[in-house]
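Taking it in order: structure first as structure tokens, then the write-up.
Read-outs throughout are calculated quantities, based only on the coordinates presented, and are distinct from any laboratory measurement. Computed from a prediction, not measured in an experiment: that's the story for all the values here. Cβ atoms come from the backbone with ideal geometry, glycine included; neighbour counts cover every protein chain shown.
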Amino acid sequence: MTVSRPAAVVILAAGAGTRMKSQLPKVLHPICGAAMLDHVLAAARELSPAELIVVVGHGRRQVAAHLARYAPDVHVVVQERQGGTGHAVRTVTETVGLGLGTVVVTYGDTPLLRGSTLAALVSGHDAEHAAATALTTLLTDPTGYGRIMRDDGGAFAGIVEEIDATPEQRTVTEINSGVYAFESGLVADAVKRLPTDNAKGEEYLTDVVAILRAEGHHVATVTIPDGDEVRGVNDRAQLAQARRILNARILDRWMRAGVTIIDPLTTLIDTGVILEPDVEIGPGTQLTGSTVVEAGAYVGPGCALRDTAVGKGAALTHVVGVSASVGAGVTVDPFTYLAPGTGLPGSKPGRSRSGAGRPARKEAQA
């Protein structure tokens, strides 16, 4: 999909994330080999924005240090107090500005949102010549979300937060994801005028939409079919759910690329892993970090490999390997531990490398 290049993508990552009950900032919790924030950044980069901005607050030192290491091109903006989503965007406009054009606002705790979905949002925003465009979806259980109200002609009429919704409005299943595209000049002006007459006394982006519409500007929506994409992660249970969904996507991509995965329900593969066609992955296998498995190799069942290279036609069963290398055609004995730095030279296919690594410690039997 070809879309115009946004002036900026703003990622809100300042929240405390207290429900995670962790010393690690919420957006840095790992999922499939990368921090949640890294997945969001990867999706945002697919738009090639002129400016990529991350708003930090809680745990700012840790988050800023992570960005300095893994995304040094990102402009970090500090939200000194957590005054709401609208306040976060206002902080950006007052600190670095937004340039001219479309501004996308998304969140550091939505790791399932695809870059193609953000592109569809920008494309729809451009096509409608809208002042603001909200990303929406349909949920069987919309509890907890703001509802999208439409007029008799089906056009956007407003957003009603659940706490303010009537019983009839609560039956609406189209929800507001909180992800938006705005025209930069209009949003920069509107965030200066946000009310704080709500339970938390905060400034919200939903009120930007209301202000723009009240002033006669066109507000559009883009509705996506996959509600999982806009799942926010607020606790460890939701993190596990997101990991399951993202892992299933990764497995599906590799299977369609020619990899056999015997039991997807018990197989975990990180985003940084590389697999070649005709690789076969047995049940109960975990491939993490920068592991590479070359064509025709068999890994599993019960293997756990991190940052490990497996050569063509090699075979590993119940092997644990960390920063190791297994040559082409090598068969590694079951229950072997390949310690960091272990290198097994290639041999003829089918030849066993008995005892090549260190046997894994066996638990005492009763």
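Which of [x] 21.6, 69; [y] 22.2, 76; [z] 24.1, 77 is the computed Rg and Dmax of the Cα atoms in Å for the structure on display? Entry [z]. Per the Cα gyration tensor, the stretch 257-359 maps to an equivalent ellipsoid with semi-axes of 18, 14, 12 Å, ordered largest to smallest.
Peptides 30-36, 196-202 ranked from most to least packed, by the mean per-residue count of other Cβ atoms within 10 Å: 30-36, 196-202. The orientation-averaged shadow of the Cα convex hull for the stretch 1-159, equal to a quarter of the hull surface, comes to 10.7 nm².
Dividing the helix sum by the residues of the chain, where each DSSP H run of 4 or more adds -39500 (n - 2.57), gives a mean residue ellipticity at 222 nm of -7000 deg cm²/dmol.
Here the label points at ASP278 and ALA155, each 7 Å from Cα along the C-beta direction, are separated by 6.0 nm in the simple model. When ARG244, ARG81 are arranged by Cβ crowding within 10 Å, least crowded first, meaning fewest neighbours, the order is ARG81, ARG244.
Which peptide among 325-335, 248-258, 212-222 comes first, and what is the full order, when sorted by highest mean count of other Cβ atoms within 10 Å? Write down the numbers at each step before the final one.
Details: 325-335: 20.5, 248-258: 14.4, 212-222: 16.2.
With the highest mean Cβ count within 10 Å placed first, the list reads 325-335, 212-222, 248-258.
The charge dipole of the stretch 257-359, taken about its Cα centre with unit charges on the Cβ of Lys, Arg, Asp and Glu (plus for the first two, minus for the last two), comes to roughly 380 debye. Sorting HIS318, HIS125 by the number of Cβ atoms found within 10 Å of their own Cβ, with the fewest placed first, yields HIS318, HIS125.
When the chain is described by a simple charge dipole with +1 on each Lys and Arg Cβ and -1 on each Asp and Glu Cβ, the residue from LEU205, VAL259, GLY185 located farthest towards its positive end is VAL259.
So for the stretch 8-230: antiparallel DSSP bridges make up what percent, rounded to the nearest 5?
Numbers: 17 of 38 bridges.
Roughly 45 percent of the DSSP beta bridges within the stretch 8-230 come out antiparallel.
A cut-off of 5 Å between modelled amide H atoms, ignoring neighbours fewer than 5 places along the same chain, links GLY327 with GLY311, LEU344, GLY346.
Rounded to the nearest 20, the Cβ-based charge dipole of the chain about its Cα centre (Lys and Arg +1, Asp and Glu -1) stands at 1700 debye.
With a simple spin-label model that places each label point 7 Å from the Cα along the Cα-to-Cβ direction, the separation between ASP228 and TYR337 comes to 3.6 nm. Using a cutoff of 8 angstrom between alpha carbon atoms and counting only pairs six or more residues apart, the relative contact order for the chain works out to 13 percent.
Of the residues GLY341, GLY302, GLY313, the one that moves most in a GNM of the chain with alpha-carbon contacts below 10 Å is GLY341.
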